[in-house]
Amino acid sequence: MSRRGPVKSAVPSNVVSPVRRCSRTACGRPAVATLTYVYADSTAVLGPLATYAEPHCYDLCAEHSERLTAPRGWEVVRLAIDPGPARPSGDDLEALANAVREAARPPERPAAPERPEPRETPQPGAARRGHLRVLRSPDS
């Protein structure tokens, strides 16, 4: 904190948005596609927006993804881009509900073994608690 009061940010906090934006300079439109370069094959791959922002990929808006060109000698592979936002289907919601029910269900107790397992014979001077073993000092 400075003597004149708290330092104010140059960018207002209401500008930050959870929506991923186009990677092109000065473009603030929402991203709809992800561009990845495969340098070994001289190929640019443009596909649906990746689930997570990757450091070596570029998110592009609809306009920039349509106008994309590659360097001379390179090939552009365009994968189908879903124009609308992905919404959960009825199957997705049912699967989620089933997963929540399964997680809330108490664990089933395993059936008791028919014959008892052989017990380990403790060493003299050793006490046993569960899976831990306490050994007494050889001095005592």
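The values are calculated or read from the model by the stated rules, or taken from the named source; none is laboratory data. Every value quoted in this text rests on a predicted model; they were computed, and no experiment measured them. Positions of Cβ are generated from backbone atoms using ideal geometry, with glycine treated the same way; all protein chains shown enter the neighbour counts. For the accessible areas, the whole protein counts, side chains as well, though only heavy atoms, and no ligand, DNA or RNA atoms are used. Shrake-Rupley method; radii C 1.70, N 1.55, O 1.52, S 1.80 Å.
In segment 3-37, which residue that is at pLDDT 90 or above, more than 21 Å from the chain's Cα centre (by Cα) and of a type outside the set (Gly, Ala, Ser) is farthest from Thr69 (Cα to Cα)? Within segment 3-37, the match that is farthest from Thr69 (Cα to Cα) is Arg29. In segment 40-52, the qualifying residues are those that are assigned to a loop (DSSP other than H, G, I, E, B) and open to solvent by less than 70 Å² (accessible area, probe 1.4 Å), and the one that is modelled with the highest pLDDT is Ser42. Give me a count of the residues in segment 53-65 that are open to solvent by less than 70 Å² (accessible area, probe 1.4 Å) and of a type outside the set (A, V, I, L, M). Within segment 53-65, residues that are open to solvent by less than 70 Å² (accessible area, probe 1.4 Å) and of a type outside the set (A, V, I, L, M) number 5.
Where residues in segment 72-114 are open to solvent by 90 Å² or more (accessible area, probe 1.4 Å) and among the acidic types (Asp, Glu), which of them is modelled with the lowest pLDDT? Ranking the candidates gives Asp82 first.
A search for C-beta distances below 6 Å between a residue of segment 24-49 that is among the polar types (S, T, N, Q) and any residue that is open to solvent by less than 40 Å² (accessible area, probe 1.4 Å) and at pLDDT below 90, counting only pairs 6+ apart in sequence or on different chains, returns Thr34/Ala50.
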